[in-house]
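The values are calculated or read from the model by the stated rules, or taken from the named source; none is laboratory data. Bear in mind the structure is a predicted one, so any value in this text is a computation, not a measurement. Positions of Cβ are generated from backbone atoms using ideal geometry, with glycine treated the same way; all protein chains shown enter the neighbour counts. Heavy atoms of the whole protein, side chains included, go into the accessibility calculation; ligands, DNA and RNA do not. Shrake-Rupley method; radii C 1.70, N 1.55, O 1.52, S 1.80 Å.
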Amino acid sequence: MNTNILIVGVGGQGTLLASVLLGNLALENGYDVKLSEVHGMSQRGGSVVTHVKISDGKVGAPLIEEGEADIILAFEKLEAYRWLPYLKKDGALYVNTQQILPMPVIMGQAENPADLDRVLQENTGSLKAFDAMKIAEECGSSKAVNIVLLGAASKDLPFSDESWMKVIGENVKPKFVEMNRFAFTKGQQA
Amino acid sequence: MLGNEAFARGAWEAGVRVVSSYPGTPSTEVTENAAKYDEIHVEWAPNEKVGVEVAMGASLGGVRSLSCMKHVGLNVASDSFYTAAYTGVNGGMVVLVADDNGCHSSQNEQDSRFHGRSAGVPVLEPADSQECKDFIKLAYDISEKYDTLVLIRSNTRVSHSRGIVELGERTEREIIPYEKNFRKYVAMPAMARKLHVAQEERLARIAEDSCEWDINDVQMGGDTSIGIIASGICYEYAKDALPDVSFLKLGIVNPLPKKLILDFASQVDKLYVIEEGQPFIEEQIRAWGVPVKGGKDMFTIQGEYSARMIREAFGEDVPEEGIDTSDAPGRPPLLCAGCPHKGLFYVLSKLKTTVMGDIGCYTLAALPPTEAMDSTLCMGASIGMAHGFEKATGSKENTVAVLGDSTFIHSGITGLINMSYNGSKGTVIILDNRITGMTGHQQNPASGKNAKGEPAPAIDLKTLCEACGVKHVVEIDPFEVQDLEKIVKEETARDELSVIITKRPCAMIVKQPDIPNVITDRCKNCRMCMKIGCPAIEIRDGRPFIVSGRCVGCGLCARVCPFDAIESTAKAGEGK
Ligand SMILES: Cc1ncc(C[n+]2csc(CCOP(=O)(O)OP(=O)(O)O)c2C)c(N)n1
Ligand code: SF4
């Protein structure tokens, strides 16, 4: 079994925690796993991507390439579009529908592609687009978007609920554990 | 474990006692993680040169030491590095340098292997997190056995990938007594000539011995028609792309294990060298008269490689390309909401000042909407360049040098001394945000804390500038935009050297009000607030709009609004 998950978003949205959770889950369940992260400049609101490669054999290179991702978790719509070529033809895209306009668009120097929703629909094996931000806020913190998205994608991943709950418990600050577990469940139901 | 965390762990297991580094992506987390071990003295040096010298001193003192930096940091440290390569060590010493193929967060793609070769230092290159830990441990043994500095070359993908790592225990090491030996440690001409001979001898020994080291891995595949030599992350790409061919995975890339390479070359029909960057390995092999079927004639010098690219080059199938999304507008990074630097660049943009810039978060001000930077070269260059510009044009009018606190201490201060000494009338602006922001918020000599987070003396920048002979030094909060504008005008018009220090802590290290602002109906849509380049302000329905989840309530937009139309939601609530 090989599962490649690409996590994309805007610097500062909490993509790193999502990948660390996935990494720990894989480890916990006896898989080999490699993650590749972005640090430095793009964390200041730039386009960010984290690669997660899980295997019951051995993972070689840490990077997922075009047409190789089984799942893309997108924290933002334009970023979902940008990274779409990385998704397998029958791959699953989970996207938070909230949009963060990049500065060139705000300045009127560039435009977001038209018809994003349709393009996303037509170029994915399965698409789940929903307002994960709203769900996260309802659970108590806009920062929980990452956990909500993971909850939604969990059905495509080979980990049990107990395993998820355990790893959430081990990787977020104690006072936020309950909130995050709740957000995970809400994500599953979304 | 992150590659960089694994390096730190390996250093700890190897018994390292002193680490002195300067931050730089992608190397920073090695030192940050080392700081978590009580047994290691870890410090942020003011720059890489000092870091290497501290590590060298610790080595002389008889302990294992480490200095970490990004690739361009080795340029700064090269003076100490090249001669320490002659003298050799007492306790084991490693310099760890992380390259940035693809320029993810750097100003160039220079290849540190060349520094290793021209300095005459062995260079090890790990490919994944486990090897990061194993190779650094081995590096200390090599260092002590052969009496040499060892360079470990990482890069972004190795340092910033996580993989599973098997942990070991720390081996404490006796301090090796220091023995005075000026023939070894005083590198003056007569000694240096002999040291150089000794260095050549030990490199020859390493080239020979390393043919037996198991960090070099010969994998004769089912297919010996193709033989690939690769090292580091490129090995991973090549192995993914062509799992069945034969490989020589090199763990040491300088000096090259010649005999091993010649053996391998003789066992395969066609030899290929796959290496990102310059043809470092390839050219040496060709120079030995060994035919190389494919190297840089097949692969680029620029950027990063991938398994896909290698498959394509060898005519293998690759997954079909999906839709083309290259029309997606770019998303360049921005200064954070609440960033203290925004106040200054709003003013400089408004005054159309010529700005000799520098490297730090503030380099982002070169992008729209502020576009308030004319040059960025390397750390500390702003001051020297502003001085040269003034000497060339004969005028300092509306021209400034701008740099951060960490950058000023790293290498700006010497430029300021030069200005003072050589009669400049220019203006230098130091952005004192009490931290080294760009690389992820490390302490520095002006921040009041050390690498372990303990209180430390904070250099007073104002006194420091005055001591350099600058008579006019003004400190100001950069969010006081009206006053700041006045001061910039005054100081750039002044016929004497001056320094402006903008003082306000980085928005990521102090708690922000976190009460969002709103734009009220007094807004006349003049869009002044858009000029600060805040990630929380967008245009919605043709007007500026503050996205509450992203606004930290710093209030800078309210200060630049000429119509007083922006107010805090706390205040708006009270009014009702
Ligand atoms: C020689 C060298 N070493 C390290 C770096 C990495 N680096 C880039 S900016 C920076 C420091 C920025 O700190 P500061 O000047 O205080 O500005 P801030 O980011 O806090 O605004 C560092 C260490 C580099 N580019 N060059
Ligand atoms: S990290 Fe600090 S200095 Fe850098 S952009 Fe953000 S607020 Fe500004």
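Structure data summary
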quantity	calculated
Residue match in the stretch B:281-294 (condition: assigned to a loop (DSSP other than H, G, I, E, B), of a type outside the set (A, V, I, L, M, F, W, C), away from ligand 1 (no atom under 16 Å from the Cβ) and under 31 Å from the mean Cα position of the chain (by Cα))	no
In the stretch A:18-71, the residues that are within 10 Å of chain B (Cβ to nearest Cβ), assigned to a helix (DSSP H, G or I) and in contact with a Phe, Trp or Tyr (Cβ under 9 Å, 6 or more places away or on another chain)	A:Ala26
The stretch B:529-547 - residue that is surrounded by 17 or more Cβ atoms within 10 Å (Cβ to Cβ) and of a type in the set (A, V, I, L, M, F, W, C) and, of those, nearest to B:Pro562 (Cα to Cα)	B:Cys529
Condition met for B:Glu390 (more than 16 Å from ligand 1 (Cβ to nearest atom) and closer than 30 Å to B:Ala77 by Cα)	yes
Only one of B:Gly384, B:Gly426, B:Gly380 that is without any contact (Cβ under 8 Å) to a residue 40 or more places away in the chain, more than 10 Å from ligand 1 (Cβ to nearest atom) and either of a type in the set (Gly, Ala, Ser) or open to solvent by less than 10 Å² (accessible area, probe 1.4 Å) (or both)	B:Gly384
The stretch A:4-61 - residue that is open to solvent by 40 Å² or more (accessible area, probe 1.4 Å) and on the phi > 0 side of the Ramachandran plot and, of those, modelled with the highest pLDDT	A:Gly30
Qualifying residues in the stretch B:82-108 (those that are within 13 Å of ligand 1 (Cβ to nearest atom) and part of a loop (DSSP other than H, G, I, E, B)) - the one least open to solvent (accessible area, probe 1.4 Å)	B:Asp100
Residue list for the stretch A:126-138, filter: surrounded by 13 or more Cβ atoms within 10 Å (Cβ to Cβ) and not in a helix (DSSP H, G or I)	A:Leu127, A:Lys128, A:Ala129, A:Phe130, A:Asp131
Residue among B:Asp223, B:Asp240 that alone is open to solvent by 20 Å² or more (accessible area, probe 1.4 Å), modelled with pLDDT under 95, outside the structural domain of B:Trp12 (by TED's automatic domain parsing) and closer than 30 Å to A:Ile54 by Cβ	B:Asp223
Test: residue in the stretch B:369-381 that is more than 16 Å from ligand 2 (Cβ to nearest atom) and within 13 Å of chain A (Cβ to nearest Cβ)	yes
Number of positions in the stretch B:398-423 that are of a type in the set (Val, Ile, Thr), in a helix (DSSP H, G or I) and more than 9 Å from ligand 1 (Cβ to nearest atom)	3
Some residue of the stretch A:56-67 being over 12 Å from the mean Cα position of the chain (by Cα) and more than 20 Å from B:Ala241 (Cβ to Cβ)	yes
Hits in the stretch B:23-71 (condition: in a loop (DSSP other than H, G, I, E, B), surrounded by 20 or more Cβ atoms within 10 Å (Cβ to Cβ) and of a type in the set (Lys, Arg))	B:Arg64
Test: B:Leu348 is outside the structural domain of B:Gly412 (by TED's automatic domain parsing) and among the hydrophobic types (A, V, I, L, M, F, W, C)	no
Residue within the stretch B:491-500 that is open to solvent by 30 Å² or more (accessible area, probe 1.4 Å), more than 22 Å from B:Phe345 (Cβ to Cβ) and in the same structural domain as B:Val400 (by TED's automatic domain parsing) present	yes
Wholly enclosed strands (runs of 3 or more DSSP E) of the stretch B:461-523 bearing at least 3 residues away from every other protein chain (no Cβ under 14 Å), more than 16 Å from ligand 2 (Cβ to nearest atom) and in contact (Cβ under 8 Å) with a residue 60 or more places away in the chain	B:498-503
